[in-house]
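Undergrad: One structure, pasted below without further comment.
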Amino acid sequence: MVRTLLIRGMLVGLFAGLLVFGFARFLGEPAVDRAITFESAMDEAKAKSEAARGMPGMEEPELVSRRVQASIGLLTGVAVYGAALGGLFALVFAVAHGRMGRLGPRAVAALLAAGAFVALYLVPSLKYPASPPSVGEPATIGMRTGLFFLMLLISVVAMTVAVMVRQRLAARSDGWSATLIAGALYLAVVIVAALLLPAVNEVPEGFPATVLWQFRVTSLGMQAILWTTIGLLFGVLTERAMAANFRFQPGGLPQPVVR
């Protein structure tokens, strides 16, 4: 059963990755190109300044062409990323299904996908949003990456604790109140973490605000497409597969199909 779910999740994630590639290729890459153009202009100005002072700069070789990055490189990256997340999603679904009351596969998958989108992307990105090329100092990339993953870890742990609290409260009171309390707990933890963690603002002077906005909106759209596709498609396919293994009798309980 778990093996079947894992394979289904990876295939669904792969399909979601293909959708993300189409979205990013036509809506995201133009913003990246404009950011690279800005970066190239900055590098050229720096090189001229160093040359005027008798300090010729060393031009770094281009390991992968921009054309490859925007085509097969992007496709490979999002396909592998989608398949990996789809597989992990399937494993979490296998653990969660049957432990969320009477919710069916579609409802469980949708809730898991929504929670993953919020915990893994939305909340960490509100504190440390995605940035295009030329935004951010090369010397601080390690620090910025560490801060983002720290915020992500806090968000995931807080979400897990909130879900556990909600389950315990639901056994003692109504589900709506339990959900509100658990949601408030999650928000309180991530808000405090966001206030305590240091801010990062390394947008260079003169960088086009529209390019930065377009890049971050595109990043949000990519993640929304990915998790929406995984949650809805995985739920529909899993529910149909489970229904195919049972036959229903009028006025009776579902009976397993004898093959």
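The values are calculated or read from the model by the stated rules, or taken from the named source; none is laboratory data. Since the model is a prediction, treat every value here as computed from it, not as a measurement. Positions of Cβ are backbone-derived with ideal geometry, glycine not excepted, and every protein chain shown enters the neighbour counts. Side chains are part of the model used for accessible areas, which takes the heavy atoms of the whole protein and leaves out ligands, DNA and RNA. Shrake-Rupley method; radii C 1.70, N 1.55, O 1.52, S 1.80 Å.
Undergrad: Among the listed residues VAL165, VAL156, identify the single one that is under 30 Å from LEU18 (Cβ atoms), part of a helix (DSSP H, G or I) and open to solvent by less than 60 Å² (accessible area, probe 1.4 Å).
TA: On the way: VAL165 fails: under 30 Å from LEU18 (Cβ atoms).
Sole residue among the options that is under 30 Å from LEU18 (Cβ atoms), part of a helix (DSSP H, G or I) and open to solvent by less than 60 Å² (accessible area, probe 1.4 Å): VAL156.
Undergrad: For PHE117, indicate whether it is at pLDDT 95 or above and of a type outside the set (A, V, I, L, M).
TA: Details: at pLDDT 95 or above: yes; of a type outside the set (A, V, I, L, M): yes.
In short, yes.
Undergrad: Filter region 168-193 down to the residues that are open to solvent by 80 Å² or more (accessible area, probe 1.4 Å), of a type in the set (A, V, I, L, M, F, W, C), at pLDDT below 95 and part of a helix (DSSP H, G or I) and list them by number.
TA: Within region 168-193, TRP176, LEU180, ILE181 qualify.
Undergrad: Select, from ARG144, ARG166, ARG240, ARG172, the only residue that is within 27 Å of PHE15 (Cα to Cα) and charged (D, E, K, R). Show your work before the answer.
TA: Working: ARG144 fails: within 27 Å of PHE15 (Cα to Cα); ARG166 fails: within 27 Å of PHE15 (Cα to Cα); ARG172 fails: within 27 Å of PHE15 (Cα to Cα).
Going through ARG144, ARG166, ARG240, ARG172 in turn, just one is within 27 Å of PHE15 (Cα to Cα) and charged (D, E, K, R): ARG240.
Undergrad: Looking only at region 128-138, decide whether some residue is over 30 Å from ILE7 (Cα atoms), in contact (Cβ under 8 Å) with a residue 24 or more places away in the chain, open to solvent by 60 Å² or more (accessible area, probe 1.4 Å) and in contact with an Asp or Glu (Cβ under 8 Å, 6 or more places away or on another chain).
TA: Looking only at region 128-138, we keep the residues that are over 30 Å from ILE7 (Cα atoms), and these are 128-138.
Then keep just the ones that are in contact (Cβ under 8 Å) with a residue 24 or more places away in the chain; that gives 128-137.
With the extra rule that they be open to solvent by 60 Å² or more (accessible area, probe 1.4 Å), the set shrinks to 137.
Among the residues that remain, those that are also in contact with an Asp or Glu (Cβ under 8 Å, 6 or more places away or on another chain) are: 137.
Within region 128-138, one or more residues are over 30 Å from ILE7 (Cα atoms), in contact (Cβ under 8 Å) with a residue 24 or more places away in the chain, open to solvent by 60 Å² or more (accessible area, probe 1.4 Å) and in contact with an Asp or Glu (Cβ under 8 Å, 6 or more places away or on another chain).
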